[in-house]
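A quick write-up on the structure given underneath.
The values are calculated or read from the model by the stated rules, or taken from the named source; none is laboratory data. The structure presented is a predicted model; accordingly, all values stated were derived computationally and were not measured. Quick reminder, even Gly has a Cβ in these numbers, built from the backbone with ideal geometry, and neighbours come from all protein chains shown. Surface areas here come from the heavy atoms of the whole protein model, side chains and all, with no ligands, DNA or RNA. Shrake-Rupley method; radii C 1.70, N 1.55, O 1.52, S 1.80 Å.
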Amino acid sequence: TVPVLVYLLAVEPQSATSASLIIVGVTSIVAAVGHARAGRVRWRSAIVFGIIGSATAFPGSVLNRTVNPQILLLAFAALMIVAAGAMIARTRNRSSDGDGEPAPHERPSTPDEDTHGGSIMMAVAAATRMLTVRQAAKLVAAALVVGFLTGFLGVGGGFLIVPALVLALGYPMPVAVGTSLVVISITSAGAFAERLGTGTIPWQIVLPFTLAAIAGSFGGKALSDRVSGTALTRSFAALLLVVAVYTATRALLEL
């Protein structure tokens with residue numbers, strides 16, 4: 001959303017990052033409904049991730065206003081490249097496991113399998129039930145980082161949340177996508193709350209863009225029902241790389 005607003009619709013980067021939080025947040029709420037009906041949302045993990053992420057989204061939003069807009073876009077591109085590389089590496093690892101399903105060390109396990117850890121991790125593990133303390137620690141760490149970057153870069157965080165859920169918790173791609181939509185809704189709201197009254201929102205762009213994005217989300221949901229998790233992961237990574245290269249090139253030229 002950020003590159004589209006900046007490069008195709010000529011929205012100033014700081015305004016684009018704020019506008020993207022509205023577009024992505026609202027679209028995610030609507031899209032999450034269909035995924036929830038299909039059983040592809042892990043609600044406990046999503047809520048814990050979203051609440052923790054919102055806490056760090058606030059300081060990220062404050063820092064956003066102090067950084068050169070082109071530097072923001074370069075950081076955005078760099079993160080997309082890292083996320084894409086991690087996703088591609090994971091599909092290769094799964095292919096080597098033979099059947100494309102989560103490897104044994106990635107499967108969700110019960111809290112009884114890992115009884116060590118701090119009280120915070122134990123509380124998170126209890127809230128999410130199916131996570132070990134180690135997985136809960138990964139969830140908290142990922143949420144803190146993703147939440148901050150959501151506020152700093154003004155993105156809903158889907159391109160970070162999906163890899164985080166896949167890599168840290170071993171979720172299959174369809175479940176990671178569905179769960180991420182709930183997380184995005186929560187973290188976007190937290191990041192946008194800090195920005196209220198601090199900038200101009202181009203509502204004449206935001207409203208039709210949001211409606212179009214919601215319509216597109218239904219088509220995306222229908223397509224995801226027919227595509228394998230591996231194919232989704234690889235196409236997601238390819239899209240990240242294309243957008244990252246374009247964004248980085250434009251930002252460097254405008255520095």
Area accessible to solvent at Tyr7, 1.4 Å probe radius, in Å² | 30 Å²
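If Ile47, Ile186, Ile201 are ordered by their accessible area, calculated over protein heavy atoms with a 1.4 Å probe, which sequence runs from highest to lowest?
Ile47, Ile186, Ile201
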Local charge sum around Pro174 (other residues, Cβ-Cβ under 12 Å, Lys/Arg +1, Asp/Glu -1)?
-> +3
Each label sits 7 Å from Cα toward the beta-carbon; between Phe58 and Ala238 the label points are separated, in nm, by 4.3 nm
Contour minus Cα-Cα distance for Thr249 and Ile51 (0.36 nm per residue) | 67.8 nm
Classify region 198-248 as rounded, prolate or oblate from the Cα gyration tensor: take a ≥ b ≥ c as the square roots of its eigenvalues, call it rounded if a/c is under 1.5, otherwise prolate when a/b beats b/c and oblate if not.
-> oblate
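Quick one: ranking Arg37, Arg134, Arg234 by accessible area, 1.4 Å probe, largest first, what do you get?
Largest to smallest exposure gives the sequence Arg37, Arg134, Arg234.
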Backbone HN-Hα couplings from phi across region 218-227 [Karplus 6.51/-1.76/1.60, Hz, Gly and Pro as x] = 5, x, x, 4, 4, 5, 5, 5, 10, 10
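At a 1.4 Å probe radius, which order do Leu196, Leu139 fall into by accessible area, largest first?
On the way: Leu196 115, Leu139 0 Å².
Largest to smallest exposure gives the sequence Leu196, Leu139.
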